[in-house]
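Here the structure comes first, spelled out in structure tokens, and everything after it is commentary.
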Amino acid sequence: MTASPARYDSIGHGYSRFRQQDPRFAARIHAALEDPATLVNVGAGAGSYEPSGPHVIAIEPSDVMARQRGPSRPPAIRATAGCLPLHDDSVDAAMAVLSLHHWDAERERGVREMRRVARGPVVILTYDPEVSAQMWLMADYLPEVATLDRRIFPPPQTIAAWLGGARIETVPIPADTPDRMLGAFWAHPEWVLDAGARNATSGFARQSEQVVQRAVAAVARDLGNGSWEARYGHLRGLPAFDAGLRLVIASGAAQGPSR
């Protein structure tokens, strides 16, 4: 099944405070959706990246996440990705924003369900786990997250194959993004020391307290003695960075090879 609601009922508190919409990500997602009249958002969560124009069907199994949807958002239907309560070709488009890795055993089935119900584009924002593993946080402090990500994030090329073909776009993460996803920590090591910021990322939230505190202590030490700045301080001068974020886009028509 999709990730049990209990997972986000546990780790989803405060999500909407730290994980706010980045308008640059939203613009790319919305452009890829091609202005649909009807849209299903799978793993909709707080609805941060839902466009305002279409009629949106939000699918979200977690009560905690669904309660964080703003008053302007449609209420979420409690269902899972692997069994969408929609007929074939019943919506113009389908989207999933950083939720696919929580679908557990339903990842492939969920992607194929999105393709089944959408007449037009299927748009999935996800991570390439091989690229994200190279970011300093995972490479030097949290190899456990890199190991987890390789297990739960399907390679973008695999997602494209499940869709019957798709293009894959790199999405650099701006240094000033208001969406504090784990990849956004690339320019902000101090966020590792902020429990609220940590807990709004599933990478930290799915680790044991022992692993988290080890990483926090190591980052605090290296910030204090200047060794983080010596190794990675140059990153603070970059406007954006490729931390592995990827947009997988399949139209309703047959696609060529992904890139």
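The residues S251, S90, S208, when put in order of fewest to most other Cβ atoms within 10 Å, stand as S208, S90, S251. Compared with the direct C-alpha span, the chain from R67 to E190 gains 41.4 nm at full extension, assuming 0.36 nm per residue. Computing volume of the Cα convex hull per residue in Å³ directly from the structure and comparing it against (i) 135; (ii) 122; (iii) 110 singles out (iii). Distance between the pseudo-spin-label points of T170 and A26 (7 Å out from Cα toward the beta carbon): 2.6 nm.
Protection proxy ranking, highest mean first, for peptides 41-49, 169-177: 41-49, 169-177, where packing is the per-residue count of other beta-carbon atoms within 10 Å, averaged. By how many degrees, 0 to 90 and rounded to 10, does the Cα axis of helix 143-152 deviate from the longest principal axis of the chain? Its long axis makes an angle of about 10 degrees. Sequentially through the range 166-171, phi angles give Karplus couplings (6.51, -1.76, 1.60; θ = phi - 60°) of 6, 9, 10, 10, 6, 10 Hz, Gly and Pro residues having no value and appearing as x. The alpha carbon centroids of the range 208-240 and the range 66-138 are separated by 32 Å. Each residue of the range 101-109 is assigned a 3J(HN,Hα), and the resulting list reads 5, 9, 8, 6, 5, 9, 4, 5, 4 Hz, derived from the Karplus form 6.51 cos²θ - 1.76 cosθ + 1.60 (θ = phi - 60°), x at Gly and Pro.
Around V91, what is the net charge, scoring Lys/Arg as +1 and Asp/Glu as -1 over all other residues with Cβ under 11 Å from its Cβ?
Spelling it out: positives minus negatives among the neighbours equals -1.
Computed from phi, the 3J(HN,Hα) profile of the range 30-36 under the Karplus parametrisation 6.51, -1.76, 1.60 (θ = phi - 60°) reads 5, 4, 5, 6, 6, 6, x Hz, with x in place of Gly and Pro. Translational diffusion coefficient of the range 101-208 (Stokes-Einstein, Kirkwood radius from Cα pairs, 37 °C, 0.692 mPa s): 217 µm²/s. When the Cα positions of H102, A32, S227 are compared along the charge dipole of the chain, H102 comes out farthest toward the positive end, with charges on each C-beta of Lys, Arg, Asp and Glu.
No value in this document is a laboratory result; all are computed from the given coordinates. Just so it is clear, the structure is predicted and the values come from calculations on it, not from any experiment. In this analysis, Cβ positions are derived from the backbone assuming ideal geometry, glycine residues included, and neighbour counts consider all displayed protein chains.
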